[in-house]
Structure formats: C-alpha cells, structure tokens
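Working notes, structure below.
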Amino acid sequence: MLKHDPVAEAIVASVSRVQHQWRAYLPWALAAVLALVVAWYIYGTRKNEPLKASMALANARTPEALEAVARTYAKTYAGPAALAQLGALALQETNFAGAYGYFERLVTSAPQSYLVPAAQLAMVKCRVAQADEALVPQDKQQYYSDAEQVLRRDLLYSRDHYAAPLAQLELVRILYATGRPQEAWQELETWQREIGQSYMAGMADGLRETLMRLTGAATNMLAQQAAQAAPQPVQDANVLPTE
C-alpha cells in the first residue's frame, strides 16, 4: 500500500487542471501583462514630461513653437508660461486684442497657475490700452468697463496675491479716466495705507496731485494744517469759569 500525500496530490491536480485549461487563463494573463506595460509607460511619460516641457519651452523661438508648447504641455508649468510669452509678444506688436486672448486662455486653462494674477492684470492693461485707442465713446466706455470688472471680480475680490497693490492702483487710474475722481481718491487713500513706505509709494505721485485738485482734498488738507498750526487761547488758571 502506497501512502497518500494530500499536499502533493493537490499540487499535481492543480498543475493538471492548468494544463487542461490554459486557454481559459491565457487572456487574463495577457491582460495583466498589458496593464503592467501601460502603467509603466504612463508612469515613465509623466515622470519625464516636466523635463520635456522645460526643454520645449526653452527651444521655442517662434509664436508657432510657443503655441505648440502651450497645447502639448498644457498640464505642466510650460503651458501657461508659453501663453504668457505669446501675450507679451502680442503686446510688443501693440496687438492688444490678441494679447488679451492669450492671457485669457492662460487664466481659463490653468486657473491654479502662479501666473494667473499677472495674466489678469495684463488683461486689464490690454483693455485700458484699447480704450485709449478707441474713437467711439461707447467702445471706450465698454473697454474701461471690462477692465474694471476684471479688477473687482478677480483681482480685488480676494487680495491675497502678489498683484493686488498694482491692481488697486490700476483701478484708481480707471476711475479717474471714467470721470469718477472722488471714488478714485478714496481708492488711492486705501492703496497708500496698504503699501505704506514701500517702493511703490511714489508710483502715483502725479495722479495723487491731480486727484487732490479735482476733489478739493488739497484745500481741506491746507485748512486742517492751518487749524492745527493756529495758536490756541490760553486760559488764566486764576479765573474761575462762569456759570
């Protein structure tokens, strides 16, 4: 009588079953191998994509090349950076409408990019430049309105970003240009309190003087200074106040 080995018999039975049913297992094995290959390829591509994007951006010398970078590497930092460069090139050619379009694409396609506040401020400047060039009053007013909307809605609603001080100063200029000097003066006072004695303090000197004359702030300040400088009457300590 031969002794039975349950473990060995189970192994032999499993091998025999696989040998007879390998055709049924083969598709699953191939699918698993294919999934591993695809996962490895995606991992390798994503790992190398920032480097490829950086090299493509550095080698882009024409608007067409920058546009290709913006489309191919839209999910990396190079995509928004390429759009910013395209906007800057359009500004050099005084193509303010085209520049506005590039900066708007940047804001829409990469809302989390650190370039967004700068792009929004550039959009404002494009609209202001278009307003300065507009010959039709309605068009001029519309461009200023668009610029003010971007400022209030996007740049000054939450001021926790690096472009906030420049955005508020741009709002002061737009308010002055659209015939609202009192609002402009109030915004300028707020701006000056926020920046304090920083390097930006002298950026609005000429505008400040103009608004002071238009709003009468200069006259009020002179009156206050004169009142403070006037000698105060001295009360004789020996004279009792009368009831």
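Things to note:
- Inside region 113-127, residues that are surrounded by 20 or more Cβ atoms within 10 Å (Cβ to Cβ) and closer than 12 Å to Ala97 by Cα make up a count of 5.
- Pairs, first aromatic (Phe, Trp, Tyr) in region 113-124, second assigned to a helix (DSSP H, G or I), C-beta under 9 Å, six or more apart: Tyr114/Pro80
- Residue count for region 65-78 under the criterion of being under 18 Å from Tyr114 (Cβ atoms) and surrounded by fewer than 22 Cβ atoms within 10 Å (Cβ to Cβ): the result is 5.
- Within region 105-122, restricting attention to residues that are in contact with a Gly (Cβ under 9 Å, 6 or more places away or on another chain) and not hydroxyl-bearing (Ser, Thr, Tyr), the residue that is farthest from Ala56 (Cα to Cα) is Ala122.
- Those helices (runs of 4 or more DSSP H) of region 88-192 in which at least 2 residues are outside the structural domain of Thr76 (by TED's automatic domain parsing) and more than 21 Å from Ala74 (Cβ to Cβ), considering only elements entirely within it, cover 116-133, 137-150, 164-177.
Conditions tested, residue by residue: (1) crowded, with 17+ Cβ neighbours inside 10 Å; (2) of a type in the set (A, V, I, L, M, F, W, C); (3) at pLDDT 90 or above.
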{"site": "Leu155", "(1), (2), (3)": "yes, yes, yes"}
{"site": "Pro165", "(1), (2), (3)": "no, no, yes"}
{"site": "Glu170", "(1), (2), (3)": "yes, no, yes"}
{"site": "Gly202", "(1), (2), (3)": "no, no, no"}
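The values are calculated or read from the model by the stated rules, or taken from the named source; none is laboratory data. Only a predicted model underlies this, so the values are computations on that prediction, with no experimental measurement involved. Note that we place each Cβ from the backbone using ideal geometry, even for glycine, and neighbour counts take in every protein chain shown.
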